[in-house]
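The block underneath contains the structure these notes are about, expressed in structure tokens.
The values are calculated or read from the model by the stated rules, or taken from the named source; none is laboratory data. As the structure is a prediction and not an experimental result, all values here were calculated from the model. Note that we place each Cβ from the backbone using ideal geometry, even for glycine, and neighbour counts take in every protein chain shown.
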Amino acid sequence: MATTSATLQAKDTISSLLPEITVKNVTMQFKRAKDEATSLKELIIRSVRGKRKYEMFKALDNVSFTIQKGEIAGMIGTNGSGKSTMLKIISGALIPTSGSVEVDRKKVQLLTLGTGFDPELTGRENVYLNGAIIGYTKEYLDEKYQEIVKFAELEGFMEERVRNYSSGMVSRLGFAIATARDTPEILILDEVLSVGDMFFRKKSEKRIREMIHGGSTVLIVSHSTSVIRNNCTKAVWIEKGRLKACGNPKDVCDAYEKLKEGEL
């Protein structure tokens with residue numbers, strides 16, 4: 001029997017409600033030194049004698065949330081709350097101690113700035129090094145090279161070693177490389193909206209908005225609640241490794257700001 005139009009519409013509705021990212025009871029533990037050595041000599045002596053003490057640290061503790069296809073989700077939390085660890089687990093760079101993440105990692109592009117830069121190489125060489133780490137081919141980088149340099153505003157500096165760049169120049173180049181590709185199906189942005197000076201930030205925010213509204217499912221990590229309020233349809237608040245809140249961006253950001261005000 002032929003499939004009716006109503007049945008096809010129902011299938012489309014169901015597929016649009018399916019989660020793109022499902023985080024289930026994720027816990028991540030790391031082993032860290034309990035008593036930090038005060039010198040390299042003391043560290044070597046303790047290691048040789050087997051007297052180094054360790055403790056287990058929970059970066060994430062039983063965290064669960066979902067992000068639907070087409071949603072723009074913002075993740076907030078104070079420094080050390082576990083946000084970056086969560087991004088690495090979602091992108092596949094880390095395997096959680098327990099729990100699971102359901103996501104098609106072939107669809108994921110994680111944008112972080114300056115990952116894989118070598119300060120001893122030139123700007124030109126770092127475009128090809130960093131681009132290869134992200135997954136670009138040499139042919140693609142050849143095609144996009146001038147566009148990357150122009151967007152980063154680094155004409156005349158690409159034969160300089162990156163160690164001679166200012167932090168703003170490094171950030172601009174990292175951003176230009178990371179956003180050179182076409183919009184992926186799942187886009188994860190790790191603090192990429194705080195790049196460079198005011199004028200470059202406006203340009204970078206415009207490019208990110210174009211990527212966001214290109215149909216991707218987006219996860220933004222930012223310390224700025226205004227970025228979350230202005231761009232997101234959902235907010236996820238992780239604090240000290242635990243899920244504090246998940247839902248309406250205004251409500252979650254308001255609660256987060258009250259906590260921050262209480263700490264001042």
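Observations, loosely collected:
- The residue list ALA152, ALA178 contains one member that is in contact with a Leu (Cβ under 6 Å, 6 or more places away or on another chain), among the aliphatic types (A, V, I, L, M) and closer than 21 Å to GLY74 by Cα, which is ALA178.
- Meets criteria (in contact (Cβ under 8 Å) with a residue 24 or more places away in the chain, of a type outside the set (A, V, I, L, M) and either part of a loop (DSSP other than H, G, I, E, B) or at positive phi (or both)) for GLY174: no
- All of PHE157, PHE151, PHE200 fail the test of being in contact with a helix residue (DSSP H, G or I) (Cβ under 8 Å, 6 or more places away or on another chain), in the same structural domain as PHE65 (by TED's automatic domain parsing), surrounded by 16 or more Cβ atoms within 10 Å (Cβ to Cβ) and free of Cβ contacts under 8 Å to residues at least 60 places away in the same chain, apart from PHE200.
- Comparison of ILE208, ILE228 shows that the only residue that is closer than 24 Å to ARG105 by Cβ, under 16 Å from the mean Cα position of the chain (by Cα) and not in a loop (DSSP other than H, G, I, E, B) is ILE208.
- Residue match in the range 174-194 (condition: at pLDDT below 95, within 24 Å of LEU219 (Cα to Cα), more than 18 Å from the chain's Cα centre (by Cα) and not aromatic (Phe, Trp, Tyr)): no
Residue by residue, here is whether (1) closer than 23 Å to LYS69 by Cβ; (2) among the charged types (D, E, K, R) holds:
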position	(1), (2)
SER98	no, no
GLN109	yes, no
THR112	no, no
ARG124	no, yes
TYR128	no, no
GLY131	no, no
ILE134	no, no
THR137	no, no
LEU141	no, no
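- Between THR115, THR137, THR78, the distinction of being surrounded by fewer than 18 Cβ atoms within 10 Å (Cβ to Cβ), modelled with pLDDT of 90 or more and either basic (Lys, Arg) or more than 29 Å from ASN248 (Cα to Cα) (or both) belongs to THR137 only.
- Residue count for the range 160-197, restricted to those that are over 29 Å from ILE21 (Cα atoms), surrounded by fewer than 16 Cβ atoms within 10 Å (Cβ to Cβ) and not assigned by TED's automatic domain parsing to the domain that holds ALA132: 1
- Here is the figure for the range 231-250: residues that are of a type outside the set (Lys, Arg) and either in a loop (DSSP other than H, G, I, E, B) or over 17 Å from THR78 (Cα atoms) (or both) total 6.
- Residue count for the range 182-205, restricted to those that are part of a strand (DSSP E or B) and closer than 16 Å to SER171 by Cβ: 2
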